[in-house]
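This report refers to the structure that appears directly beneath it.
Where a number appears in this text, it was derived from the coordinates with a stated rule and is not lab data. Just so we're clear, the structure is a prediction, and the values are computed from it rather than from any experiment. Neighbour counts are summed over all protein chains in view; Cβ atoms, including those assigned to glycine, are modelled from backbone coordinates with ideal geometry.
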Amino acid sequence: MCGRFTIMLEADDLREALELGSVPEDWYPRFNLAPSQRAGVVVDPGSRNLGWMKWGLVPSWAKDAEIGNRMINARAETLSEKPSFRQAFARRRCLIPADGFYEWQHPAGSKGRGRPFHIHLNSSQPFFLAGLWERWQPQEGDPLLSFTIITTQANELVASIHERMPVILTGQEAWNWLRPQPVGDLARFLRPYPSSEMAMAPVTFAVNNPANESPACIEPEA
């Protein structure tokens, strides 16, 4: 799964690195972005503007927004089958800027807390996580925009600590993901990112608490 990620760039650097359009004026670097929090999301490959959405997909047909707490990830293998994701997969794909994500290693038979790792590209450059988004209208108030992150089988590097990883997209492939196309053509995007282009390192347990939001979360384990 993907339960935490980072995007540590300032707005101008992020815009330049990912060739974005506008970035929200209240943008700030994130060192420990967690489910139920808002994150920057791109849905239009033309404008490439970044907007805020809540992490945890709430389908348009949901009775209440609480379902989003259980839908932070969507498995690539079943997107076309699950009612919660099927329509979004066909029509509402998105990109979530990141420059790393966290995963926890739980040794077999261990009952203690997992060991956190920060995983990123060798280049330390930002990338996109592939996602789906939805618009949910409550009985009262403004509509809620929300998203989920798509996961796939882990590559060789990540598999050493966990069996799943988020789908990572870079370059023109990322923008192609957003363009209208037959669902049958989308499987080519949903593959593990090459291990040879990634790195990971153990970090402090500060990241375990989503209230911790500082560079301390990515400091090497002492």
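In nm, what is the difference between 0.36 nm times the number of residues separating Arg113 and Glu163 and their Cα-Cα distance?
Contour length minus Cα-Cα distance gives 16.2 nm.
Extension gain Ser80-Ser124, at 0.36 nm per residue separation less the Cα-Cα distance, in nm?
Going from the current span to full extension adds 12.6 nm.
In cubic angstrom, how much convex hull volume per residue do the alpha carbon atoms of segment 5-218 span?
It comes to 135 Å³ per residue, whole-number rounded.
Any chance you could run the full-extension gain for Asp64 through Asp185? It's 0.36 nm times the residue separation minus the Cα-Cα distance, nm to one decimal.
40.3 nm
To the nearest Å, what is the center-to-center distance of segment 129-155 and segment 63-115, using C-alpha atoms only?
Measuring centre to centre over Cα atoms gives 10 Å.
Using DSSP to call loops (not H, G, I, E or B), can you name the chymotrypsin sites (Phe, Trp or Tyr not before Pro) in segment 169-222 whose Cβ has at most 11 other Cβ atoms within 10 angstrom?
Filter output for segment 169-222: empty list.
Would you mind giving the average projected area, over all directions, of the Cα convex hull of segment 61-187 in nm² with one decimal?
9.9
Using per-residue counts of other Cβ atoms within 10 Å, averaged over each peptide, order 14-27, 138-151 from highest down.
138-151, 14-27
If I model a spin label as a point 7 Å beyond the Cα along the Cα-Cβ vector, how far apart are those points for Ser196 and Glu173 in nm?
With each label point 7 Å from Cα toward Cβ, the separation is 1.3 nm.
Which log10 I(q)/I(0) values, to two decimals, does segment 4-81 give at q = 0.18 Å⁻¹ under the Debye formula with one point per Cα?
Relative scattering, expressed as log10 I(q)/I(0), comes to -0.88.
Using the per-residue mean of other Cβ atoms lying within 10 Å as a proxy for protection, in what order, highest first, do the peptides 33-39, 43-49 fall?
Order by mean packing, descending: 33-39, 43-49.
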